[in-house]
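The values are calculated or read from the model by the stated rules, or taken from the named source; none is laboratory data. The shown structure was predicted, so the numbers you read here are calculated from the model rather than taken from an experiment. Heads up, the Cβs are rebuilt from the backbone with ideal geometry, glycines too, and the neighbour counts pull from every protein chain shown.
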Amino acid sequence: MVQKRDLTRVTDTLWEIPSHHRSDMRVPARLFATADMLDDVLADKTIDQLVNMTTLPGSVGWAAAMPDAHQGYGFCIGGVLATRLSDGVISPGGVGYDINCGVRLLRSEVTQDEIAPFLDSLMTSIDQNCPSGVGRQGTLKVSGQDLDAVLVGGSQWALRKGYARPQDLPHTESHGSIPGADPGALSSRARSRGCPQLGTLGAGNHFVEVDVVEEVTDPAVATAFGIRPGQIMVQIHSGSRGLGHQVATDYVESFQDAVRKHSIRLPDRELVCAPFGSKEGQAYFAAMCAAANYAFCNRQLLTHWVRRSFEDVLAAHIRRFDLHMVYDIAHNIAKVETHIVQGAKTKVCVHRKGATRAFGPGFAELPADYRDFGQPVLVPGSMGTASWLLVGTEQSMELSFGSCCHGAGRTMSRAQAKKTIWGSDLRQQLEAQGIVVRAGSMAGLAEEAPAAYKDVDQVVDVVHRAGLASKVARLRPLGVIKG
Amino acid sequence: MYQELDHTADCAIRVWGADRAELFADAAKGMYWLAGATTGEAGEEIRHLTLTASDQESLLVRWLQELAYWLESESRVVSGISFQELTMTHLDAEMTCGTATSIARFIKAVTYHDLAIVPVGGGLQTAIVFDV
């Protein structure tokens, strides 16, 4: 196990494990944290998993763990690794099972005072309109032909069917549609899981949350993003549902053979991988892009139904009840990007597992209204605590292949959380804070208790100080729907 | 026999068995326990399953994946298992299945993370991490 003495301090917020720490490391490992966060992150397998990531063939620069990093399987959660496209690998374990799990932020023109009398009704309406929880299926009838179009087009399919507005797409990472998706790369089992679950939130840590902008820390960027204090916002956290889980399962399975075929030695079988350019690597990439597009479409459909709830509940009382997209980002994905590696522009596959893209100003994909400022970075906190809107920086390209944290990060196991916290007590505590809660199960609520997570403000402070992203606004929850 | 292990983000169990058949059967029970999946009825449906894998750990993962899929897609819980053949790389089982009366969560995936079936005290032991 990695010990504190194995870490070399680079700055107040950055630590390195040199590549000579273990003979199979190909690049160093870097951890973004303050000194007082180290004991927590060294208490489980997080850093061992970070070191394992560095063994993947074609790794460049360093493997990075974000300030919210915690133990996962294969890659640590909050892990970022770039591999050269020319001779590096792609790893399904570096993306995870919920492909393109991500977060979307919507803004309204409604204020907290205006919404207060209707908040309870609004949360009930969202809960009814957005299917959530274990085993809940969607209300859409999705044919095999529809599914193919979703897998290729992502949010574009939603736009064609009237579930999106034209301005939603440029305000979505990759415009909600990653090129290279191939529905033929999915198993029939993945497809059968995908059809009934399209347009569903899911369970676990997935949520819809209504927030208020409590504090703006960067007025110029906040104005560009359409954000001001007191404004009501909505966050949607969901992913590719059973379809994505099945894609990952299928390729982790088939890559067990690929590893042998390509003579790749790994410290953990969950890290299975194949050369990016190989038949196996290309098949996984095409399937992963398809699952990612499904996830973009899924969050777009949920957006449509949240908008409907705002209209149903608020239209008769508040004139400007509508919701506009701020941004939508993935935090479990592998993307082909160009980064500077050893002074040269290099095409790499950036694996972000529990990490968010955080590109700075001037990035061509960004919509014109954001391009001079940088990409919005969404960091949801734990239930009942703050969330943050940040903006990507130029520095993040040098520090973390343009990546940032994706949340607060767990510190307590689900089992421990359930032993320590009663869901019904937690619900009462949240309601005493004025937070309206709709939850599928009390046990599930307890697992996601704020005490099971790191302090999001501390995590975001590290992000800001390290230069991974810059603070824009802090959000406070008013209502939450947990699947 | 199985026991839940602490895992920061997901769920994990340690499983012991006097032999491979008991290990596989108890791994299934442990997974159903994590999922909060119960069936109140005696299994009314007989299912037959044949699986082949490259090694015993892969076979265990495939076995649990299959049961997790039946749980999510059909709400089916296996209540009785008879292994007609169970080697390091091949499984042939006949099972009785019932409809789940409750499910607390679905198992997203059965992972290979640090997975190893090892001999211990005359039997076998393993630890399995599940994505939930």
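Close contacts from the stretch A:143-161, counting a first residue that is within 14 Å of A:G194 (Cα to Cα) and modelled with pLDDT under 95 and a second that is aromatic (F, W, Y) and surrounded by fewer than 24 Cβ atoms within 10 Å (Cβ to Cβ), with Cβ to Cβ under 8 Å and a gap of 6+ residues or different chains, come to none at all. Scanning the stretch B:81-111 for residues being within 14 Å of another protein chain (Cβ to nearest Cβ), within 30 Å of A:M442 (Cα to Cα) and within 16 Å of the chain's Cα centre (by Cα) gives a total of 9. For the stretch A:8-44, the tally of residues that are farther than 22 Å from B:A9 by Cβ and surrounded by 16 or more Cβ atoms within 10 Å (Cβ to Cβ) stands at 10.
Restricting attention to the stretch A:277-306, which residues are without any contact (Cβ under 8 Å) to a residue 24 or more places away in the chain and charged (D, E, K, R)?
Going residue by residue through the stretch A:277-306, those that are without any contact (Cβ under 8 Å) to a residue 24 or more places away in the chain are A:278-279, A:282.
Scanning the stretch A:277-306 gives a single hit, A:K279.
Just to check your reading of the model, which residue among A:V213, A:V221 is in a helix (DSSP H, G or I) and more than 14 Å from every other protein chain (Cβ to nearest Cβ)? Exactly one of A:V213, A:V221 is in a helix (DSSP H, G or I) and more than 14 Å from every other protein chain (Cβ to nearest Cβ), namely A:V221. Looking only at the stretch B:47-72, which residues are in contact with an Asp or Glu (Cβ under 6 Å, 6 or more places away or on another chain) and buried (at least 21 other Cβ atoms within 10 Å of the Cβ)? Answer for the stretch B:47-72, where residues must be in contact with an Asp or Glu (Cβ under 6 Å, 6 or more places away or on another chain) and buried (at least 21 other Cβ atoms within 10 Å of the Cβ): there is none. For the stretch A:438-475, taking the residues that are under 18 Å from the mean Cα position of the chain (by Cα) and among the hydroxyl-bearing types (S, T, Y), the one that is farthest from the other protein chains (Cβ to nearest Cβ) is identified as A:S470. Can we say A:R30 is outside any helix (DSSP H, G or I), out of contact with any Ser or Thr (no Cβ under 6 Å at 6 or more places or on another chain) and within 26 Å of A:E337 (Cα to Cα)? Yes, satisfied. B:A12 meets each of the listed conditions (1) more than 19 Å from B:E66 (Cα to Cα); (2) part of a strand (DSSP E or B); (3) at the interface with chain A (Cβ under 10 Å from one of its Cβ atoms); (4) not β-branched (V, I, T) apart from (1). In the stretch A:231-238, the condition of being within 12 Å of chain B (Cβ to nearest Cβ) and either on the phi < 0 side of the Ramachandran plot or touching a helix residue (DSSP H, G or I) at 6+ places or on another chain (Cβ under 6 Å) (or both) is met by no residue.
Looking only at residues in the stretch B:35-55 that are farther than 18 Å from B:G80 by Cα and touching a strand residue (DSSP E or B) at 6+ places or on another chain (Cβ under 9 Å), which one is farthest from the other protein chains (Cβ to nearest Cβ)? This residue is B:T52.
Taking strands (runs of 3 or more DSSP E) as the structural unit, no element lying wholly within the stretch B:17-132 holds at least 2 residues that are of a type in the set (K, R).
Only one of the numbered conditions (1) loosely packed, with under 15 Cβ neighbours inside 10 Å; (2) under 15 Å from the mean Cα position of the chain (by Cα); (3) farther than 30 Å from A:G354 by Cα is not met by B:R76, and that is (1).
Out of A:H317, A:H324, one residue alone is touching a Lys or Arg at 6+ places or on another chain (Cβ under 6 Å) and farther than 23 Å from A:V462 by Cβ. It is A:H324. On inspection, A:R191 fails the criterion of being under 30 Å from A:R474 (Cα atoms), touching a Pro at 6+ places or on another chain (Cβ under 9 Å) and either surrounded by fewer than 24 Cβ atoms within 10 Å (Cβ to Cβ) or within 14 Å of chain B (Cβ to nearest Cβ) (or both).
A residue that is of a type in the set (D, E, K, R), surrounded by fewer than 18 Cβ atoms within 10 Å (Cβ to Cβ) and within 14 Å of chain B (Cβ to nearest Cβ) occurs nowhere in the stretch A:177-188. Scanning the stretch A:349-405 for residues that are among the aromatic types (F, W, Y) and closer than 27 Å to A:Q433 by Cβ yields a total of 1. Please find, among A:A286, A:A258, the residue that is part of a helix (DSSP H, G or I), small (G, A, S) and within 14 Å of chain B (Cβ to nearest Cβ). After applying the criteria, what remains is A:A258.
Going by the structure shown, is A:D268 touching an Asp or Glu at 6+ places or on another chain (Cβ under 7 Å) and within 11 Å of chain B (Cβ to nearest Cβ)? Spelling it out, A:D268 is indeed touching an Asp or Glu at 6+ places or on another chain (Cβ under 7 Å) and within 11 Å of chain B (Cβ to nearest Cβ). Could you list, in sequence order, all residues of the stretch A:46-60 that are surrounded by fewer than 22 Cβ atoms within 10 Å (Cβ to Cβ) and within 14 Å of chain B (Cβ to nearest Cβ)? A:D48, the sole residue that qualifies.
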